[in-house]
Amino acid sequence: MSSSTSGNSKVKAVRLNGGWNMPFNPDDVEIPSDHEMFAAEGLAQRISPISMLVDVPIVIWRLRKDNPMSHLTSLERAHLDNQSVTFLMINPWTGWAPAQWQQGIGPVIVARLDKKPLSIDALEVIWMFCDASGELASEGEMTRAQLEARYKPAAFQKWCVEYKESYEELGRLQSLELPI
């Protein structure tokens, strides 16, 4: 995979399909390195806040162009849920995602901002770190200083090693390359 910015190069990314009762439903995809998800306009609202703090910024691109808030009372609301994206977009200090990232999200493409390859396994680890961090923040189990220490890149990479080791006995995440 090339990480250059020419229009012919591709970036390895992950599509998170979402769906009712499907918290992590990924597929490997490739996107052009000049995909509009990397455009400056609105980019800050598409970057996972915790991923930015741990120095592995990921960008999330909704495939639907409608307003996710328009599905509050929709019958298809459950089918547009994408719980893993909600966790990826949580505020690192409150543990809550902005409203537009809580429901009606639909399928998305997730890529690294630096355009390095993103594997399903690496995205799972980032998602689970965000999930665990959000729980700690929202339940007030850690002080701001403790959260800041947790979000240091070295602390994140250590967490990744421990997460991978916890699944190796089950034969999972064996292809995960660390550091992420």
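Can you name the residue in segment 140-154 that is touching a residue at least 12 places away in the same chain (Cβ under 8 Å) and assigned to a helix (DSSP H, G or I) and, of all such residues, is surrounded by the most Cβ atoms within 10 Å (Cβ to Cβ)?
R150
Cβ-Cβ distance below 6 Å, separation of 6 or more or different chains: which pairs start in segment 87-114 with a residue that is under 30 Å from S9 (Cα atoms) and end on one that is part of a loop (DSSP other than H, G, I, E, B) and of a type in the set (D, E, K, R)?
Here the result reads G106/R64, each pair linking segment 87-114 to a residue that is part of a loop (DSSP other than H, G, I, E, B) and of a type in the set (D, E, K, R).
What single numbered condition from (1) touching a Ser or Thr at 6+ places or on another chain (Cβ under 7 Å); (2) among the polar types (S, T, N, Q); (3) modelled with pLDDT of 95 or more fails to hold for S51?
In the conditions (1) touching a Ser or Thr at 6+ places or on another chain (Cβ under 7 Å); (2) among the polar types (S, T, N, Q); (3) modelled with pLDDT of 95 or more, S51 misses (1) alone.
Considering segment 112-139 alone, what residues qualify as being in a loop (DSSP other than H, G, I, E, B), over 15 Å from V29 (Cα atoms) and modelled with pLDDT of 95 or more?
L113, D114
Report yes if V161 is open to solvent by less than 20 Å² (accessible area, probe 1.4 Å) and either at pLDDT 95 or above or within 26 Å of K10 (Cβ to Cβ) (or both), otherwise no.
When the stated conditions are applied, V161 does not pass them.
Scan segment 90-127 for residues that are of a type in the set (V, I, T) and touching a helix residue (DSSP H, G or I) at 6+ places or on another chain (Cβ under 7 Å) and jot them down.
I90, T94, I105, V108, I109, V110, V125, I126
Under 6 Å between Cβ atoms, which residue pairs at least 6 apart in sequence (or on different chains) link something in segment 33-49 that is touching a residue at least 40 places away in the same chain (Cβ under 8 Å) with a partner that is among the β-branched types (V, I, T)?
Qualifying pairs under 6 Å: S33/T5; S33/V11; M37/V59; I47/V59; S48/I58.
Filtering segment 18-34 down to residues that are open to solvent by less than 40 Å² (accessible area, probe 1.4 Å) and part of a loop (DSSP other than H, G, I, E, B), which residue is modelled with the highest pLDDT?
Looking at residues that are open to solvent by less than 40 Å² (accessible area, probe 1.4 Å) and part of a loop (DSSP other than H, G, I, E, B), I get S33.
The values are calculated or read from the model by the stated rules, or taken from the named source; none is laboratory data. Please read these numbers as outputs of a predicted model, since none were measured by experiment. Every residue, glycine as well, gets a Cβ built from its backbone with ideal geometry; the counts of neighbours run over all protein chains shown. These accessible areas exclude ligands, DNA and RNA; they are computed on the full protein's heavy atoms, side chains included. Shrake-Rupley method; radii C 1.70, N 1.55, O 1.52, S 1.80 Å.
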